[in-house]
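Let me begin by presenting the structure, written as structure tokens, before commenting on it.
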Amino acid sequence: MPRRFSAMLLALLVPPLTTAHAREAKEYDSDVVYDENKIPHYDLPPLLVTAEGEQITTPEAWHQVRRPQILSLFSNLVYGRVPQPASPIRTTYEVVNTDEEFMQGKATRKDVRIRFRNEQGEAEMLILVFVPNGVERPVPVFMKHSFNNTRSDDFTAHPDRPGYIRNGWPLGEFFDRGYAFVAVYQQDLVRHNEVSFDRGIHPLFHPSGQSFPKAHEWGVLSTVAWGGMRALDYLGTDDDVDEARVAIMGHSKMGKAALWTAAQDQRFALAVSAQSGCAGAALWRRRSGETLEKMVTRFPYWLCRNAWKFVNQEDDLPVDQHMLLALIAPRPVYVASGVEDTWADPRGEYLSAYHASEVYRLLGKQGLNSEESPPAGDAQLEDEVGYHVREGGHSVELYDWQRFLDFADRHLRD
């Protein structure tokens with residue numbers, strides 16, 4: 001059976017995880033490791049040693065030599081490289097609707113259509129920009145990779161919960177602190193579990209005769225990240241927001257996308273990953289909770305096809321996820337976990353942030369200094385690498401939102 005067809009068949013046969021994330025994962029995946037005593041021995045690839053074996057000792061060597069090496073490895077072996085479009089793409093922006101009295105006048109909402117056109121076809125995305133009223137502009141921004149469709153009622157003010165929108169996000173907290181909020185829908189340019197790549201943005205990049213990304217080319221997560229970068233392009237044209245102070249954030253799959261977005265595009269000033277787990281903040285080599293095998297079985301093309309080569313061979317990967325976090329340095333990065341979200345491996349998420357701190361220190365910043373995870377509810381906010389784990393499972397709670405804002409207040413305000 002051809003590999004592509006096999007993966008497509010598996011994606012149809014194996015159900016995706018539901019909101020009862022950790023519990024159902026445990027029931028379905030009886031072979032998954034959750035016991036810390038069963039974690040295999042592993043050695044992480046060195047952050048500050050080049051592919052040629054040279055030690056990196058200066059910020060210049062990191063930026064000019066080691067960082068490009070690591071970025072190229074992630075592009076070609078994990079998430080997939082964005083190819084050159086088949087013909088030049090023309091991008092246009094249009095504010096299709098404005099509501100200056102959103103949430104009883106707390107903010108102005110702008111619906112912005114971004115269109116991409118070339119000789120191969122066209123695609124579009126609709127982003128929502130919420131700017132607080134009554135504050136000095138331009139304002140700093142939180143951009144969120146969203147599971148919720150920006151064309152739906154999810155982004156209207158909640159009738160019974162002041163300060164919230166219908167999907168449960170407390171946007172009033174952002175407005176009260178003077179932040180704009182931008183929502184970018186993950187499925188505008190690529191489907192959630194894409195297996196054919198015959199619609200959306202990909203046909204604009206395929207030359208005549210190519211219908212599917214090559215093994216080293218972009219999977220779903222790289223496509224979502226590309227959309228976030230194009231949303232940032234628009235923000236550079238909007239005088240109400242400060243494009244130099246944009247935080248990118250996401251939860252679960254979108255947390256994975258947020259980290260990859262910030263790693264590639266250094267215009268993002270800060271990154272927040274909430275319970276991103278496998279292919280996000282958690283270390284591959286721990287093989288705790290979700291693994292590469294589990295991911296490519298359920299979602300074969302979230303990563304590029306080259307990643308399949310490392311199923312059950314994670315030790316052969318020349319990178320691990322602490323290196324993804326290090327690509328964001330010296331910009332602040334925040335990782336959030338949930339005690340009960342064992343599928344996302346909270347311990348592995350913390351260790352990734354801890355090991356990435358080595359690069360932050362080289363660049364004159366501060367990171368996590370203890371290999372021991374902090375207790376639940378003890379948020380590490382002061383330095384450029386932040387972290388918290390809270391009680392509870394796979395969700396974003398008010399506690400999380402408030403800590404993200406606290407972290408941004410420390411690092412985006414000055």
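Please treat every number below as a calculation from the coordinates, not as lab data. Small disclaimer: the values here were computed from a predicted structure and weren't measured. Positions of Cβ are backbone-derived with ideal geometry, glycine not excepted, and every protein chain shown enters the neighbour counts.
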> Which of Ser357, Ser373 comes first, and how do the rest follow, when ranked by fewest Cβ neighbours within 10 Å?
Replying inline: Ser373, Ser357
>> Under 5 Å between amide hydrogens, which residues at least 5 positions from Phe142 or on another chain qualify, with H placed 1.01 Å from N in the peptide plane?
In response: Ala180, Phe181, Val182, Ala247
>> Starting from the 7 Å offset along Cα-to-Cβ, what nm value, one decimal, do you get for the label separation of Thr237 and His41?
In response: 5.7 nm
>> What distance in nm separates the two pseudo spin-label positions at Ser370 and Glu358, each 7 Å out from Cα along the beta-carbon direction?
In response: 2.2 nm
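Could you rank the peptides 271-282, 71-82, 310-321 by their average count of other C-beta atoms within 10 Å per residue, with the highest value first? Before the final figure, lay out each step's value.
On the way: 271-282: 29.4, 71-82: 20.2, 310-321: 17.0.
The most tightly packed comes first, giving 271-282, 71-82, 310-321.
Asp31 to Glu100: FRET efficiency via 1/(1 + (r/R0)^6), r the Cβ-Cβ distance, R0 45 Å, to the nearest 0.05? Please list the in-between numbers first.
Values: r = 55 Å, r/R0 = 1.22.
For Asp31 and Glu100, the calculated efficiency is 0.25.
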> Once Lys and Arg get +1 and Asp and Glu get -1 on their Cβ, which of Phe142, Leu351, Ser196 lies farthest toward the positive end of the dipole of the stretch 38-412?
Replying inline: Ser196
> Where the convex hull is taken over the Cα atoms of the chain, what is its projected area averaged over directions, in nm²?
Replying inline: 20.1 nm²
> Nearest 0.05, what FRET efficiency do Trp308 and Arg161 give at R0 = 41 Å with Cβ-Cβ as r?
Replying inline: 0.40
>> Please list, ordered by chain and number, the residues whose modelled amide H lies under 5 Å from the amide H of Ala107; skip anything fewer than 5 residues away on the same chain.
In response: Phe102, Asn133
> If you stretched the chain out fully between Asp198 and Glu54, how much longer would it get, using 0.36 nm times the residue separation minus the C-alpha to C-alpha distance?
Replying inline: 47.5 nm
> Looking at the stretch 111-193, which trypsin sites (Lys or Arg not before Pro) are in a loop (DSSP not H, G, I, E or B) and have at most 12 other Cβ atoms within 10 Å?
Replying inline: Arg151
> Out of residues 5 or more away from Glu217 or on other chains, whose amide H comes under 5 Å of its own, with H placed 1.01 Å from N in the peptide plane?
Replying inline: Arg81, Arg305
>> So for the stretch 38-412, if I pair up every lysine 8 or more residues apart or on another chain, how many of those pairs have alpha-carbons under 18 Å apart?
In response: 8
> Of all DSSP beta bridges located in the chain, what percent are antiparallel, nearest 5?
Replying inline: 50 percent
> Dipole of the stretch 38-412 (Lys/Arg Cβ +1, Asp/Glu Cβ -1, origin at the Cα centre): which of Gly289, Leu362, Pro159 lies farthest to the positive side?
Replying inline: Gly289
> If you wrap a convex hull around the Cα atoms of the stretch 131-216, how much volume per residue is inside, in Å³?
Replying inline: 138 Å³
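Work out the length of the dipole vector of the stretch 38-412 about its Cα centre, built from +1 on the beta-carbon of each Lys and Arg and -1 on the beta-carbon of each Asp and Glu, and round it to the nearest 20 debye.
In debye, rounded to 20, the stretch 38-412 gives about 840.
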